[in-house]
Amino acid sequence: QVQLVESGGGLVQAGGSLRLSCAASGSIFSINGMGWYRQAPGKQRELVAAITRGGSTHYADSLKGRSTISRDNAKNAVYLQMNSLKPEDTAVYHCNAEILVAPTRFYQTYWGQGTQVTVSS
């Protein structure tokens, strides 16, 4: 009864920027942690960034200094600003969220369908 929908992906030249958005909807009581992951063809999914409800952040070394994760709790949304993009950043980017689902109020992890980011050289 919960879904996450990402947007903001697309084609960008190396050195450019993108801002990814993810909004959660459905039977949500509250959302704890949220994050962004990426997966390129033939590679394993890797963490990009994560953020707690209170705003504490963690970044993967590969994106550190080039990305900023933020959230809007009122909108059940999480964002990822990426700058100085490189061809190796090309991947499908997924958001995830640890959600306390109503009415059971059990925490479950949900994943978005993904948004494609392609960085041209």
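Mind telling me which of the residues T57, T109, T68, T52 ends up being surrounded by fewer than 14 Cβ atoms within 10 Å (Cβ to Cβ) and polar (S, T, N, Q)?
T109
Quick one: I28 ticks every box in (1) under 14 Å from L4 (Cβ atoms); (2) within 10 Å of the chain's Cα centre (by Cα) except a single one, so which number is it?
(2)
Select from region 17-39 the residues that are under 18 Å from L63 (Cα atoms), of a type outside the set (K, R) and open to solvent by 20 Å² or more (accessible area, probe 1.4 Å) and list them in ascending order.
The answer is S17, L18, S21, Y37, Q39.
The values are calculated or read from the model by the stated rules, or taken from the named source; none is laboratory data. Keep in mind the model is a prediction, meaning the values are calculated, not measured. For neighbour counting, all protein chains shown are included, and Cβ atoms are generated from backbone atoms with ideal geometry for every residue, glycine included. When the accessible area is computed, the model is the full protein with side chains, heavy atoms only, and any ligands, DNA or RNA have been set aside. Shrake-Rupley method; radii C 1.70, N 1.55, O 1.52, S 1.80 Å.
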